[in-house]
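To start, the structure under review is shown below, and the notes come after it.
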Amino acid sequence: MSCTVTPDIVKNKLYGRGKEKTTIIDAFCRVASSGESEAIIIRGWSGCGKSSLVANTFVPIRVAGGCIVSRKFDEVSTMSPFSVAISIFDKLCVLVKERNSNDEISDIQEKLVRVIGTNLPKLFHILPNLRELFNTGAAPSNLIQQQQVDSGLNFKGLCFAMQGFMRVISSKSSPVMFFLDDLQWADKLSLGLIHAVLSDIKKMSTVFFVGTYRSNEVQQDHVICRFTDSLESFGVGITQMRLDGMVEEDVNALISDSLCVFPRICRPLSSLVYHRTRGNPLFTIEFLETLVKHDLIQYSFRERRWVWDEDKIKEEEISSNVLHLLTTKMGTLPARRQEALKVASCFGSQMSKLAV
């Protein structure tokens, strides 16, 4: 006898990434102790868990005093050079105001005036939230447009101003972590600005940069490759990491946790799933959910656990392509919801509540 309940597929837990997580946290600790900026670049196929890996380090890094700002590139952002890079500095202003007392903010204001000098008024136009830090009234919420940046500061001047800004904002006691996801869509100017901050010759900034990109969408002449090569030539500490799929034991652990059965019991199922998904975390989760939806994994009251039929799973025609699997899944949504998702996708990876 079976029922229609579904298992709680584990989605927010890392499996088999302990070494990589330690590498990221250790790199941050080096930055915090030495005061010298570093970078970690993580590459891997779509769905291999790059973003989840980095996000899993946020709690220990915040506990260690890190100030974390994260953003995501998308295909829409490529049409607005500087927009993503400018937005992380702008968001940093908000965090600085939240994390510091009035006396500390007054000290930061004095240092910014001294370090940035005559470029500070121009920086107000580029970083709207910097106005709030200086209590000069509300600033426009939209990001600065390319022509506005050019009319205030040229690229060299902008880099110089941001270097000064980060010398004041970041320190060994308050290191800043920038996380930029999906660098395969990054523009040259945004990465150039990040490069300028990391390679500051005065070495007075304490910045930990983490970037991720889909290796299956990047060629050797991509801007991210030139970015990493240039950081190395400038003597910036950089660690490059490649994420592959989970090994079969990790897939077995995920399925064991999801179905609440002993690992030895679900090992045959895990072997089938692993060989179909090659351990890709996203594909593994979607594949499991598809098995549940097709009633190939059911709960047995008689055995008091989840059961499955390996032979039926082998015979079932389920796509071995994660993109096709997701497309098919979206195709089952109501027509109006599909139309809403199409419109939402035009806004990129994020959209405001007002737009919703």
So which strands (runs of 3 or more DSSP E) are wholly in the range 170-279 and hold at least 3 residues that are surrounded by fewer than 17 Cβ atoms within 10 Å (Cβ to Cβ) and in contact with a strand residue (DSSP E or B) (Cβ under 7 Å, 6 or more places away or on another chain)?
237-243
Would you say residue 122 is farther than 16 Å from residue 157 by Cβ, part of a helix (DSSP H, G or I) and of a type in the set (Lys, Arg)?
no
Checking the condition among the acidic types (Asp, Glu) and either crowded, with 20+ Cβ neighbours inside 10 Å or touching a strand residue (DSSP E or B) at 6+ places or on another chain (Cβ under 8 Å) (or both), which residue from 20, 104 passes?
20
If you scan the range 107-138, which residues turn out to be exposed (fewer than 15 other Cβ atoms within 10 Å of the Cβ) and acidic (Asp, Glu)?
107, 110
Do any residues in the range 231-248 that are within 26 Å of residue 14 (Cα to Cα) have Cβ atoms under 7 Å from those of residues that are among the aliphatic types (A, V, I, L, M) and assigned to a helix (DSSP H, G or I), where the two are at least six apart or on different chains, and which pairs are they?
238/231; 239/27; 243/53
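Output the residues belonging to the range 23-68 that are touching an Asp or Glu at 6+ places or on another chain (Cβ under 9 Å) and buried (at least 17 other Cβ atoms within 10 Å of the Cβ).
Initially, the range 23-68 is screened for residues touching an Asp or Glu at 6+ places or on another chain (Cβ under 9 Å), giving 27-28, 30-31, 37, 42, 44-48, 50-51, 53-54.
Selection gives 27, 28, 31, 37, 42, 44, 45, 47, 48, 50, 53, 54.
Every read-out reported here was derived from the displayed coordinates using simple, explicitly stated rules and does not represent laboratory data. Only a predicted model underlies this, so the values are computations on that prediction, with no experimental measurement involved. In this analysis, Cβ positions are derived from the backbone assuming ideal geometry, glycine residues included, and neighbour counts consider all displayed protein chains.
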